[in-house]
Amino acid sequence: MSHTADNVSQELAVLRELFASATHDASAAMCRWTDGAISVVLDEIHKIPMEEVGARLGIGDDLLTMVVMTLEGELGGSLILVFDETNGRQLAASLLGREAAASSPWSDLEKSALAETGNILGCAYVNALTRLIGTNLLPSPPYFIQDYGISVLEQALTAQAVASDSLLFCDIGFRREGSRLDWRVLFVPTPQLQAALEHSLCTAR
């Protein structure tokens, strides 16, 4: 399928509807988990060349926190939640009902709270993708990474960057009792999964 600007725009429109539905499901799960304190909304979805990821996301040498869920098999890839240090700390503190501890090392409990957030959001997206392509996807348990700037992305994206030339990322709005923290979800499919998505999106139009 030729990727003209119109094709990409049409694909993103269908994907936005799909991911908005998945984010709605994830928000409902987050609300249940946090007694209504936390909700999630999808702001936008973009598709960019892999080599432009760092510049487009504004990622340099700042400390970043990530939760990664991988999809196994040929129809695989990675779903990655990205936070800066402040927003990652605030999210963990919100989930645990405590004040953010910016200067102390990340505790196992904080890491577990973020990993569970990744599990809730990741599973909602995996379920939506499964419905789209009609094939079961096999997600791994999410895991926590905390490091500096672009090196964090390289750790998470190296395997996929070898096989894929583009990246889908979502701007996600996270709200807690009226206040907002910004974070992102990156989706990097294998070429096989990307082809399956493109085929399904083409037939859905």
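Relative contact order for the chain: what percent, with Cα pairs under 8 Å and sequence separation of 6 or more?
Answer for the chain is 32 percent.
In a Gaussian network model over the chain where Cα atoms closer than 10 Å are linked, find which of 194, 90, 155 has the largest mean-square fluctuation.
155
Once label points are set 7 Å from the Cα along Cα→Cβ at both residue 43 and residue 86, what is their separation, rounded to one decimal in nm?
A separation of 1.4 nm, rounded to one decimal place.
With the crude spin-label approximation of a point 7 Å out along Cα→Cβ, what separation in nm comes out for residue 107 versus residue 182?
3.0
Sort 52-61, 136-145, 73-82 by packing, meaning the average of other beta carbons within 10 Å per residue, with the highest value first.
73-82, 136-145, 52-61
Per the 1.4 Å probe, what fraction of the accessible area of the chain, in percent, lies on carbon and sulfur atoms?
50
Taking the Cα centre of the chain as origin, work out the dipole magnitude from +1 charges on Lys and Arg Cβ and -1 charges on Asp and Glu Cβ, in debye rounded to 20.
It works out to roughly 520 debye.
Quick one: accessible surface of residue 24, probe radius 1.4 Å, all protein chains present, in square angstrom to the nearest 10.
130
Using a 1.4 Å probe, what is the accessible area per residue for the chain, in Å²?
For the chain, the per-residue accessible area is 47 Å².
Which residue, chosen from 195, 162, 55, occupies the Cα position most advanced towards the positive end of the dipole of the chain, where the dipole is computed from +1 (Lys, Arg) and -1 (Asp, Glu) charges on Cβ about the Cα centre?
Positive-most Cα among the choices belongs to 195.
Ignoring everything but the protein chains, give the 1.4 Å probe accessible area of residue 39 in square angstrom, nearest 10.
Using a 1.4 Å probe on the heavy atoms, I get roughly 40 Å².
Which distance in Å, rounded to a whole number, links the C-alpha centroids of the stretch 112-143 and the stretch 23-89?
Comparing the Cα centres of the stretch 112-143 and the stretch 23-89, I get a distance of 12 Å.
With a point put 7 Å past each Cα toward its Cβ, work out how far residue 96 is from residue 9 in nm, to one decimal.
Label at residue 96, label at residue 9, 4.7 nm between them.
Would you rank 31, 170 by solvent-accessible area, highest first, keeping every protein chain in place and using a 1.4 Å probe?
Order by accessible area, largest first: 31, 170.
Classify the stretch 52-171 from the C-alpha gyration tensor, please: rounded if a/c falls under 1.5, else prolate or oblate depending on whether a/b exceeds b/c.
Here the stretch 52-171 falls in the oblate category.
Please give the helix 108-133 orientation as an angle from the longest Cα principal axis of the chain, in degrees from 0 to 90, rounded to the nearest 10.
With rounding to tens, the tilt is 20 degrees.
Name the most mobile residue of 115, 13, 22, meaning the one with the largest mean-square fluctuation, in a Gaussian network model of the chain with Cα contacts below 10 Å.
13
What are the trypsin sites (Lys or Arg not before Pro) within the stretch 80-123 that DSSP puts in a loop, where the Cβ has at most 12 other Cβ atoms within 10 Å?
Those satisfying the criteria are 98.
Largest first, how would 130, 203, 23 line up by accessible area (1.4 Å probe)?
203, 130, 23
The values are calculated or read from the model by the stated rules, or taken from the named source; none is laboratory data. Everything numeric here is computed off the predicted structure, so don't read it as measured data. All Cβ positions, even for glycine, are placed from backbone atoms using ideal geometry, and neighbour counts span all protein chains on display. Surface areas here come from the heavy atoms of the whole protein model, side chains and all, with no ligands, DNA or RNA. Shrake-Rupley method; radii C 1.70, N 1.55, O 1.52, S 1.80 Å.
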